[in-house]
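Each remark here refers to the structure printed beneath this line.
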Amino acid sequence: MPVAELTFRRAMINIADAGRLGEGEDLNDALLDFFMRLGQYLIPKGGENEAPVSYLGAIFFKQLRSAFANSGEEGWKNVMNWAKRKAGGLFKPAFAAFAVPINEDLKDEKGQEAGNHWWLALVLNPQGGARGEPTAVMCLDSMQRREKVLDPPLTGSLKGSVNRYTLEVRKVEQAGYLVIVSFKAKGDGSMGPLPKPGASKLVADGVECKNPEIGLRINMGGDDDVAGEYEGTLSFALDGRVRSSTFVLHYGEGGYTPITLQFDPFALTKLQKDVSRYVGGYLAKEWEVNGPDRKKRYEKTSARALVADVHQQENLNDCGVFVLENMLRSLSMKKDFLKQMSSATPKVDPAPQLLWILYLYPR
């Protein structure tokens, strides 16, 4: 008789959950909880007797924000018993971090529902807010989303055209493995038809990304002595080798001035800021009620949000797998390393963020 349910340390999955392990399926909260608890049991613990990373569950953050809670302090009552399940409490010295999966509701460019996305918030040095030490909410997101509007636009021109064939880039966006470039190309026909946008390529980290998906609002290629204009988007698919926040656009078949596009690699999304704010408030309230030294004030603003440089998924379904990968790798880290990471600063230099990517994904 087939087993209908499987339970490990109070985390249960059933046949319907197991069906989500197939190709093209998304992992759900039950699968995340089950495999994380299994990993806590099986993976070496960074040389310690107990894993340095605790786990609060895949629906913790959703529950924290439920019942119209406007802050982590207000939301604490929704999850007031969760930390009690941890022997010694959330601020136990053995814990250098705790992990919280975040399930984000995505919107398309029209504001319509566009599915859900998992990423991991790793709260580093949770005791720090009461000790004058930094506490960090490290956001490990395998589908980084960022946007840069270019005003004035970046411009280039076709070599030898004396600016009669011009190119403008007005916006660049990234959603995980996709980089989307909004552009306008114009020509007066003096050098024939406009170069085809489909021949464009994007270069990052020495990797050439070709064959972009094209979306055109204006599609007039022109001809000899006939003006032409293209306006729309070029969507380039990256792969896991690309780690850069700087991209170089080579438009058309060649001959246009290359245009360099750059993001702030550590910019935060609104939800990432909200996660930090709610978690900071929750920690302050948990310390006030159950902390080991409640006479000390917990500074909730010490829980700063930081973005870590982690591998990006190459499809729309692997976000849960990346959450598991990042969480399970963190279990074998040493407490001192996790505490060091809480002091990371959002600067574009060989700072502790670089240590994070090298530690998680040694080359």
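The values are calculated or read from the model by the stated rules, or taken from the named source; none is laboratory data. Every value quoted in this text rests on a predicted model; they were computed, and no experiment measured them. Please note: Cβ atoms are built from the backbone with ideal geometry, for glycine as well, and neighbour counts cover all protein chains shown.
Checked against (1) surrounded by 21 or more Cβ atoms within 10 Å (Cβ to Cβ); (2) in contact with a helix residue (DSSP H, G or I) (Cβ under 8 Å, 6 or more places away or on another chain); (3) more than 30 Å from Lys201 (Cβ to Cβ), Arg304 passes all but condition (1). Mind checking which residues of the range 70-90 are of a type in the set (Lys, Arg) and assigned to a helix (DSSP H, G or I)? Those that are of a type in the set (Lys, Arg) and assigned to a helix (DSSP H, G or I): Lys77, Lys84, Arg85.
Taking the range 278-295 as the range and being at pLDDT below 90 and either out of contact with any helix residue (DSSP H, G or I) (no Cβ under 8 Å at 6 or more places or on another chain) or assigned to a helix (DSSP H, G or I) (or both) as the test, the residues that pass are Pro292, Lys295. Filtered by the rule that a residue be outside any strand (DSSP E or B) and closer than 19 Å to Glu104 by Cβ, the range 296-308 gives a lone residue, Ala308. Restricting attention to the range 124-165, the residues being under 30 Å from Val321 (Cα atoms) and part of a loop (DSSP other than H, G, I, E, B) number 6.
You will find that of Gly254, Gly228, the residue that is under 24 Å from Val162 (Cα atoms) and modelled with pLDDT under 95 is Gly254 and no other. Among the residues of the range 180-201, those that are small (Gly, Ala, Ser) and touching a residue at least 24 places away in the same chain (Cβ under 8 Å) comprise Ser182, Ala185, Gly187, Gly189, Ser190, Gly192, Ala199, Ser200. Checked against the criterion of being surrounded by fewer than 17 Cβ atoms within 10 Å (Cβ to Cβ) and assigned by TED's automatic domain parsing to the domain that holds Lys285, the candidates Gly129, Gly75, Gly89, Gly189 yield just one match: Gly89. Restricting attention to the range 136-152, does a residue exist that is more than 20 Å from Ala308 (Cβ to Cβ), of a type outside the set (Asp, Glu), surrounded by 19 or more Cβ atoms within 10 Å (Cβ to Cβ) and in contact with a helix residue (DSSP H, G or I) (Cβ under 6 Å, 6 or more places away or on another chain)? Among the residues of the range 136-152, not one is more than 20 Å from Ala308 (Cβ to Cβ), of a type outside the set (Asp, Glu), surrounded by 19 or more Cβ atoms within 10 Å (Cβ to Cβ) and in contact with a helix residue (DSSP H, G or I) (Cβ under 6 Å, 6 or more places away or on another chain), which makes the answer no.
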